[in-house]
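The values are calculated or read from the model by the stated rules, or taken from the named source; none is laboratory data. The structure displayed is predicted, hence computed values, not measured ones. Counting neighbours? That spans all protein chains shown, and the Cβs are built from the backbone with ideal geometry, glycine included. Calculation scope for accessible area: heavy atoms of the full protein, side chains included, ligands and nucleic acids excluded. Shrake-Rupley method; radii C 1.70, N 1.55, O 1.52, S 1.80 Å.
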Amino acid sequence: IAKHWVGTGEFRMNPFAGPTFYVPILYGAGLIKLFGFSFTLLRISTLVLTLATLIIFYELLTDISQKPKLSFFLTLALWFNPIFYNATLTFMTEIPALFFIISGIYAYHKGFTHKKPWWLFLGSVLSILGMFTRQTNILIMVAAGLYALAQLKQIKFRHLLWSFGIPAIFGLSMYYWLSVHALLPP
C-alpha cells in the first residue's frame, strides 16, 4: 500500500486488510519517499521499533519492580519469544502495535504514579496512534480512562478531560473522516 501510494500518488487500501494500519503505512511511505522502496529498509524500521519497544518495556518493568536484573531477564524473554522475534523480521503491524501498547502503558503508569496529566495525555495519544495500527490498542485508553474515573479524588476532572477527551475526539474525528472517504478496510 505504501509503495503504491508513493509510486502513483493514489492511496488505495487493500480490501482484504484486517487492521486499520495507517500509522505503519504513513511512516513506511515516508521512508520510501526518502530512501526509495526496499524491503530491507522497512525491516530495519521494524528493528528500530523493536529496540525502542524493548527499552521502554525494560524501563516500565524496572519502574514497577525496582529490580533491574529481573526486568532485564523479562525483557530478554520478550525479545526471544518466537512470535515476537519472528515479527521483528517483517514489516507487519505486530511490532508497531506492541510498541504503542507498551509505550502507552508506560506513559499511563508515569501519569498515574506521578499525577502528571501530560503523561496521561501522551498515553492517550499513543493509544490513538496504536488504534490506527491495530484497532484493539484503543482498549489501553479505555482501561486507563476507567481507572482514571475511579481516581477522581486524586486527579482533577479537567485534567482527565484534557488528557483523555482531546485525543479521543481527534481519534474519532479521524476515524469518521476515513469512513466518509471510504478509506477503511471493509
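Checking segment 139-147 against the condition returns no match, with no residue being open to solvent by 50 Å² or more (accessible area, probe 1.4 Å), at positive phi and either among the hydroxyl-bearing types (S, T, Y) or not in a helix (DSSP H, G or I) (or both).
Residues in segment 111-140 that are among the basic types (K, R) and touching a residue at least 24 places away in the same chain (Cβ under 8 Å): K115, R134.
From the list L126, L122, the lone residue that is under 15 Å from the mean Cα position of the chain (by Cα) and under 18 Å from T46 (Cα atoms) is L126. Would a scan of segment 73-82 turn up a residue that is surrounded by fewer than 13 Cβ atoms within 10 Å (Cβ to Cβ), within 30 Å of G7 (Cα to Cα) and of a type in the set (A, V, I, L, M)? No: zero hits. Residues in segment 94-110: is at least one aromatic (F, W, Y), modelled with pLDDT under 95 and either surrounded by fewer than 19 Cβ atoms within 10 Å (Cβ to Cβ) or in contact with a helix residue (DSSP H, G or I) (Cβ under 8 Å, 6 or more places away or on another chain) (or both)? No: zero hits. Among the numbered conditions (1) in contact (Cβ under 8 Å) with a residue 40 or more places away in the chain; (2) assigned to a helix (DSSP H, G or I), the only one that T40 does not meet is (1). Among the residues of segment 156-172, just one is in contact with a Gly (Cβ under 8 Å, 6 or more places away or on another chain) and either of a type in the set (F, W, Y) or open to solvent by 100 Å² or more (accessible area, probe 1.4 Å) (or both), namely F164.
Screening the candidates S45, S103 for the property of being small (G, A, S), touching a residue at least 12 places away in the same chain (Cβ under 8 Å) and over 23 Å from G171 (Cβ atoms) yields one hit, S45. Restricted to segment 4-30, and to residues that are in contact with a helix residue (DSSP H, G or I) (Cβ under 6 Å, 6 or more places away or on another chain) and over 19 Å from Y175 (Cα atoms), which residue is most open to solvent (accessible area, probe 1.4 Å)? Here the residue is W5. Restricting attention to segment 83-97, does a residue exist that is in contact (Cβ under 8 Å) with a residue 40 or more places away in the chain and more than 22 Å from L42 (Cα to Cα)? No - not one qualifying residue is present in segment 83-97.
Condition check for K69 on (1) surrounded by 14 or more Cβ atoms within 10 Å (Cβ to Cβ); (2) without any contact (Cβ under 8 Å) to a residue 24 or more places away in the chain: one failure, at (1). If you go through segment 51-66 and keep only what is open to solvent by 70 Å² or more (accessible area, probe 1.4 Å) and hydrophobic (A, V, I, L, M, F, W, C), you end up with L51, I55, I64. Filter segment 53-102 down to the residues that are in contact with a Ser or Thr (Cβ under 7 Å, 6 or more places away or on another chain) and closer than 22 Å to I25 by Cβ and list them by number. Within segment 53-102, T88, T90, F91, T93, I95, P96, A97, L98, F99, F100, I102 qualify.
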